[in-house]
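Notes follow once the structure below has been shown.
Just so it is clear, none of the values below were taken in a lab; they were calculated from the coordinates. Predicted model, so just to flag it, every value in this text is computed and none were measured. Here the Cβ is made from the backbone with ideal geometry for all residues, glycine too, and neighbour counts use every protein chain on show.
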Amino acid sequence: MNKRLTAFYWMTVPAVLLFFIFLTLPALQGFYYSLTNWNGFGHQYHFVGFKNYINLFQDDNVGNAYWFTFKFAIVVTIAINVLSLLIALGLNAKIRFRNFFRGIYFLPNILSVLIVGYIFNYLFSNVFTIWGRNLGITSLSTNILGSEQLAWVGVVIVAVWQGIAFNTILYLAGLQTIPTSLYEASNLDGAGKWREFWSITFPLIAPFFTINMVLAMKNSLMVFDQIVALTNGGPGRATQSISHLIYTGGFRGGEFAYQSANSVIYFIVIAMISILQLRFLQRREMDN
Amino acid sequence: MRTSRHTNWPVLLLVALGTIFILFPLYMTVTIALKNPEQMAYSAFAFPTELHWENFSRAVDMTNFFSAFQNSVMVTTSTVVLTLLTNSMVAYAIARNMQRRFFKGLYFYFVSAMFIPFPIIMLPIVKLASGLHMTNLFGLIMLHTVYGLAFNVFVYVGYIRSIPVALEEAATVDGATTWGTFWRIIFPLMAPISATVGILTCLSTYNDFLLPLIIISDPEQYTLPLVQYVFQGQFNTDFNLAFASYLMALLPMIIVYLMAQKWIINGVTQGSVK
């Protein structure tokens with residue numbers, strides 16, 4: 001029996017080693033660097049304690065990146081969940097070519113985020129502007145990605161376009177777990193469609209709502225590829241996300257230690273939001 | 001009525017109209033890739049009257065497409081294979097020993113990494129990778145394998161716990177070792193969930209941009225998304241060429257998707273619901 005257990009221990013070795021070296025160690029190192037003033041390429045650095053953290057709270061660029069990222073993430077999470085739930089309801093109804101339509105709605109999920117961003121970049125600058133001019137809508141007739149007030153909407157549109165696919169499939173999986181007999185019963189009781197949705201459908205797919213909210217929120221808090229492809233953080237710094245700021249400041253701006261401190265804060269924020277969301281939404285699940 | 005067999009036409013119409021939003025950007029991609037600048041000036045939306053296939057051959061030359069394609073395929077397949085082997089193994093050990101503190105702790109240690117945003121390790125990982133001479137395709141494979149571990153272990157453990165232990169006990173009575181039991185009985189039984197993990201790993205590895213961006217410096221080792229990034233910076237005026245290049249980078253996954261559509265959708269559903 002002991003031999004069996006030894007074998008089990010050996011099975012964990014490759015994964016544990018890789019995981020420790022490439023995930024735990026860098027995370028600890030990142031925390032260590034955040035307490036220094038290292039620029040990332042020189043040989044000398046000093047220990048500065050929590051100075052980076054104090055500076056972070058007074059930095060407009062950091063505040064700006066957090067503001068953009070949160071605004072973006074909240075709008076994207078809500079939009080994705082509303083739209084993908086609607087699409088899933090549509091795809092779950094009695095319609096023809098159901099599998100064909102499912103296939104199409106899932107398509108954006110398999111495409112590279114960067115390239116999708118480039119394609120939309122072109123649409124925003126050269127296609128939607130033509131429509132705007134033809135239809136006489138002034139706000140559409142110029143490239144919204146070039147506007148400090150509207151560029152974030154462009155990034156939202158692309159993130160939602162691509163993000164809907166995954167969540168739709170999850171909602172669809174949820175809808176299929178609901179027994180049809182429940183709907184038959186509510187039909188007999190004379191319940192309307194609206195009532196049916198809030199009393200049967202929505203409570204029963206609550207676990208899927210939880211997963212989708214957490215996933216959509218987490219993904220949009222980490223937005224990076226879309227930013228690079230669409231605006232590169234601009235105009236000015238209007239669409240600079242936190243990951244984009246860490247990347248540009250850390251690798252190109254000589255702020256290695258400073259941005260390490262930023263990523264520690266970022267980690268705490270994401271972990272806290274995910275845990276809070278899970279707790280809040282799971283409690284709501286049980287109430288229903 | 002839900003119980004009737006009739007098609008719900010209004011919903012069908014809405015669903016069909018909705019696909020325009022999905023298909024329009026893709027239609028534009030295909031048509032722009034096949035036009036030349038004069039045709040574009042004439043009409044941006046119409047289907048091209050003459051097809052300019054030379055956009056593709058020029059894009060192949062300018063982006064060194066086949067080299068990047070080879071790199072992408074190499075990284076993706078190696079990551080998938082390595083992921084299936086290492087992640088299923090550790091998940092098996094964990095799933096069958098959850099009552100032991102070591103394995104339970106290991107489970108939470110792995111799964112907690114799902115909440116670690118990549119940017120927090122992005123800066124140190126570059127230092128570490130260059131110190132270990134891993135700023136190459138090999139390093140990329142290892143890192144992709146590690147970063148999928150949290151989610152994969154979560155999915156695998158859930159699945160293995162639904163496989164009855166009796167099968168393995170029978171094998172043990174017949175004199176099979178733990179390793180033998182794993183490879184000959186458990187690993188084949190895990191085929192459905194391995195397919196899911198494999199598909200998700202394949203998609204995320206092939207499309208990943210950030211990790212190659214920070215790890216790979218040698219242009220010979222660029223993957224497809226990285227090539228698009230560099231290409232975009234250098235030739236951002238010739239849209240027809242750029243779109244031909246985007247289309248070629250997207251095409252392999254689209255072909256895989258068309259062939260394995262049902263599998264992929266079911267896989268995604270299973271993998272995330274577990």
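Couple of notes before you dig in:
- Set of lysines with alpha-carbon distance to B:K262 below 26 Å, sequence-local pairs under 8 removed: A:K94, B:K274
- Whole-angstrom Cα spans of segment A:126-222 along principal axes, big to small: 54, 33, 19
- Two-decimal log10 I(q)/I(0) for segment B:95-254, as the Debye equation yields it once each C-alpha is a single scatterer, q = 0.21 Å⁻¹: -1.34
- Sorting B:H6, A:H46 by the number of Cβ atoms found within 10 Å of their own Cβ, with the fewest placed first, yields B:H6, A:H46.
- The 3J(HN,Hα) values that the Karplus relation (6.51, -1.76, 1.60; θ = phi - 60°) gives for segment A:91-101 are, in residue order, 6, 8, 6, 6, 10, 7, 6, 4, 5, 4, 5 Hz. Gly and Pro appear as x.
- Hydrodynamic radius of segment B:26-159 per Kirkwood, over alpha carbon pairs, in Å: 18.8
- Phi-derived couplings, Karplus 6.51 cos²θ - 1.76 cosθ + 1.60 at θ = phi - 60°, listed residue by residue for segment A:9-14: 4, 4, 4, 7, 4, x Hz, with x used for Gly and Pro.
- Whole-Hz ³J(HN,Hα) from phi, Karplus 6.51 cos²θ - 1.76 cosθ + 1.60, for segment A:227-236, glycine and proline x: 4, 4, 6, 9, 10, 6, x, x, x, x
- Of B:S162, B:S194, B:S67, the one that fluctuates the most in a GNM where chain B has Cα springs shorter than 10 Å: B:S162
- Size descriptors for segment A:180-224: radius of gyration and Dmax over Cα atoms are 15.5, 50 Å.
- Debye equation applied to the C-alpha atoms of segment B:189-274, log10 I(q)/I(0) at 0.25 Å⁻¹: -1.17
- Among B:V111, A:V13, the order by Cβ neighbours within 10 angstrom, fewest to most, reads A:V13, B:V111.
- In Å, descending, principal axis extents of the Cα set of chain A: 77, 76, 33
- Contour minus Cα-Cα distance for A:L204 and A:E148 (0.36 nm per residue): 16.0 nm
- For the pair segment A:44-105 / segment B:177-255, the C-alpha centres are spaced 22 Å from each other.
- Ranked list, fewest to most other Cβ atoms within 10 Å of each Cβ, for A:D225, A:D59, A:D189: A:D189, A:D59, A:D225
- Choice from B:A41, B:A33, B:A68 showing the highest fluctuation, given a GNM over chain B with Cα pairs closer than 10 Å: B:A41
- By the Kirkwood approach, averaging reciprocal distances over each pair of separate Cα atoms, chain B gets a hydrodynamic radius of 22.0 Å.
- Mean shadow area of segment B:120-208, taken as a quarter of the surface of its Cα convex hull (nm²): 7.6
- Most fluctuating residue given options B:Y92, B:Y27, B:Y42, as computed from a GNM of chain B linking Cα atoms under 10 Å: B:Y42
- Its Cα gyration tensor gives segment A:1-147 an equivalent ellipsoid, and the semi-axes of that ellipsoid, as √(5λ) in whole Å with the largest first, are 43, 33, 15.
- Amide H contacts of A:T36 (H built 1.01 Å from N, under 5 Å, at least 5 apart or other chain): A:V48
- Inverse mean reciprocal Cα-Cα distance (Kirkwood Rh) of segment A:59-210, Å: 18.1
- On a per residue basis, the convex hull of the C-alpha atoms belonging to the protein assembly as shown measures out at 185 Å³.
- For B:T7, no residue has an amide H sitting under 5 Å from its own, ignoring neighbours fewer than 5 places away on the same chain, with H placed 1.01 Å from N.
- The calculated P(r) of segment A:206-288, using every Cα pair and 5 Å bins from 0, goes 3, 14, 19, 18, 16, 12, 9, 6, 3, 1, 0 in percent.
- Fraction of alpha-carbon pairs over 21 Å apart in segment A:74-156 - percent: 49
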